[in-house]
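Worksheet: one structure, shown below.
The values are calculated or read from the model by the stated rules, or taken from the named source; none is laboratory data. Small disclaimer: the values here were computed from a predicted structure and weren't measured. Positions of Cβ are generated from backbone atoms using ideal geometry, with glycine treated the same way; all protein chains shown enter the neighbour counts. With ligands, DNA and RNA removed, areas are computed over all heavy atoms of the protein, side chains included. Shrake-Rupley method; radii C 1.70, N 1.55, O 1.52, S 1.80 Å.
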Amino acid sequence: MTIQRLLIALSVFNLALLVFLVAQIEVHFLGFHFRPRPIEVNSVASVLRGCAIEIADDEGRVRASLKVYPASVLPDGATYPETVLLRLIDSQGRPNVKLAATEDGSALALGGQADPTHVQIGARGATASLTLTDKDGRQQLIKP
């Protein structure tokens with residue numbers, strides 16, 4: 001009989017605890033003051049961490065990405081430092097906007113509708129440049 005009373009008491013206590021947590025009420029019990037933190041519906045996390053971020057459209061195609069690429073050496077011997085790259089991609093899968101940041105500079109490339117039409121602004125080391133490319137592949141390089 002005492003086990004039944006104990007189980008009933010524990011059940012009532014659990015029910016009261018459940019109501020307290022669900023209702024988020026303020027309780028005064030045996031001289032203790034329980035005041036739960038308010039629930040924040042639209043709270044914003046202070047930090048978002050990850051190796052890469054991708055945003056996809058309704059059809060699952062990646063439309064924007066932000067990724068850190070490790071340093072690399074190309075077959076021709078050119079060395080590229082670690083790069084952070086933001087890409088904004090059109091519905092056809094072409095990256096129309098690229099923004100890159102490296103140890104020794106940065107670049108911004110804006111693509112046009114027809115390949116290879118684009119504008120590239122770059123600052124690497126002590127050099128800055130602006131490259132304009134039209135749909136026929138003709139380029140104009142502007143340096144200070």
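Can you give me the number of residues within the range 59-85 that are closer than 20 Å to D115 by Cα and open to solvent by less than 50 Å² (accessible area, probe 1.4 Å)?
1
Here is a list: I39, I53, I8. Which entry is open to solvent by 100 Å² or more (accessible area, probe 1.4 Å) and at pLDDT 80 or above?
Exactly one of I39, I53, I8 is open to solvent by 100 Å² or more (accessible area, probe 1.4 Å) and at pLDDT 80 or above, namely I8.
Considering only the range 117-131, state which residues are among the aliphatic types (A, V, I, L, M) and part of a strand (DSSP E or B).
V119, I121, A123, A128, L130
Say whether the condition of being at pLDDT below 75, aliphatic (A, V, I, L, M), open to solvent by 90 Å² or more (accessible area, probe 1.4 Å) and within 30 Å of A101 (Cα to Cα) is met by at least one residue in the range 13-26.
No: zero hits.
Every residue, every condition in (1) in contact with a strand residue (DSSP E or B) (Cβ under 8 Å, 6 or more places away or on another chain); (2) open to solvent by 40 Å² or more (accessible area, probe 1.4 Å), yes or no:
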| site | (1), (2) |
| --- | --- |
| D57 | yes, no |
| R87 | yes, yes |
| L99 | yes, yes |
| S106 | yes, yes |
| Q113 | no, yes |
| S129 | yes, no |
| T133 | yes, no |
